[in-house]
1. By the gyration tensor of its Cα atoms, with a ≥ b ≥ c the square roots of the eigenvalues, what is the shape of the range 6-112: rounded for a/c under 1.5, prolate for a/b over b/c, or oblate?
2. Which of the GluC sites (Glu not before Pro) found in the range 130-236 are in a DSSP loop and have at most 13 neighbouring Cβ atoms, other than their own, within 10 Å?
3. Count neighbours as other Cβ atoms within 10 Å of each site's Cβ, and list the chymotrypsin sites (Phe, Trp or Tyr not before Pro) in the range 134-227 that are DSSP loop with at most 14 such neighbours.
4. Projecting each Cα onto the charge dipole of the chain (Lys/Arg +1, Asp/Glu -1 at the beta carbon, about the Cα centre), which of Ser207, Tyr118, Leu240 comes out farthest on the positive side?
5. Roughly how big is the range 64-186's charge dipole about its Cα centre, with Cβ charges of +1 (Lys, Arg) and -1 (Asp, Glu), in debye to the nearest 20?
6. Using every Cα-Cα pair within the range 57-189, state what percent have a distance larger than 22 Å.
7. Whole angstrom only: what separates the Cα centroid of the range 81-150 from the Cα centroid of the range 26-62?
8. Of Met53, Gly99, Gly15, which is farthest along the charge dipole of the chain in the positive direction, counting Lys and Arg as +1 and Asp and Glu as -1 at C-beta?
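Derivation of every value follows stated rules applied to the coordinates shown; laboratory data play no part. Computed from a prediction, not measured in an experiment: that's the story for all the values here. Backbone-built Cβ (ideal geometry, glycine too); neighbour counts: all protein chains shown.
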Amino acid sequence: MGIRSDLSAQLRALGVAPGDLLMVHASMRAVGTRAEDLIAALQACVSPSGALMMLLCGPEGAPFEGDASPAWHELGILPEVFRRTPGVVLNQHPIARFGAWGAPAARLVENPPQDDYYGPGSPLARLWEGGGKVLRLGADLDTVTLLHWAEYLADLPQKRRVTHIAECARAGAVERIEVTCLDDSEGVRDWSGDDYFAEILRLFLASGAARVGPVGGATAELLVAQDLVRFGVAWLESELA
């Protein structure tokens, strides 16, 4: 079999299935294949009624130019290759841009809220509401973006908020846009550890709640979004209250 068929077989053995709404985080160095091959294998697994979704953001140090802006380099090569994949739908959020591919792509990512872009009405909330999953392929423990949605759901007093300034290139001029949201860099409350997203995921994986297996050279983890968010909300309300 070819590399794409091999990857598809491994993904199916892990539990990726037709109709899945799948948010993907991957280290291509860990997977050890071309990003194009991984995307094709994922498409084959979730088709015909499913979708792939990734966080793309925008370039650092340059005005946001919508579809033309590359993905944020800190996210790795996969989101940028995904952005340029035929059929991928992009939203136009200047800070938290998402892309999606598949039959439900538009309803997953289009028209996100400008403020609280990980909160109600966001692609994260839509993935959760739709019974989606998160696929991790050798990614760092602190990279599960869905846990930002858990921060919105958690019943915590005085959640920390921040204001971001985004620069957008429009009609030949650069417009500065002010965006407010829960603190998505330092966390909604102080915590004694280094990164509470990594701690939540570490404990969730230790509980045996994820399906684990090889995909390429990476150890892959398939997480049910509602289970992870429920676990994250419980941890936040216990540890940060």
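1. Oblate, since a/c reaches 1.5 and b/c is not below a/b.
2. When the GluC sites (Glu not before Pro) of the range 130-236 are filtered for loop state and at most 13 Cβ neighbours within 10 Å, Glu186 remain.
3. Counting only loop positions with at most 14 other Cβ atoms within 10 Å, the chymotrypsin sites (Phe, Trp or Tyr not before Pro) in the range 134-227 are Trp191.
4. Going by the charge dipole, the pick is Ser207.
5. 400
6. Of the Cα pairs, 39 percent sit more than 22 Å apart.
7. A separation of 12 Å, based on Cα centres.
8. Working it through, the farthest residue towards the positive pole turns out to be Gly15.
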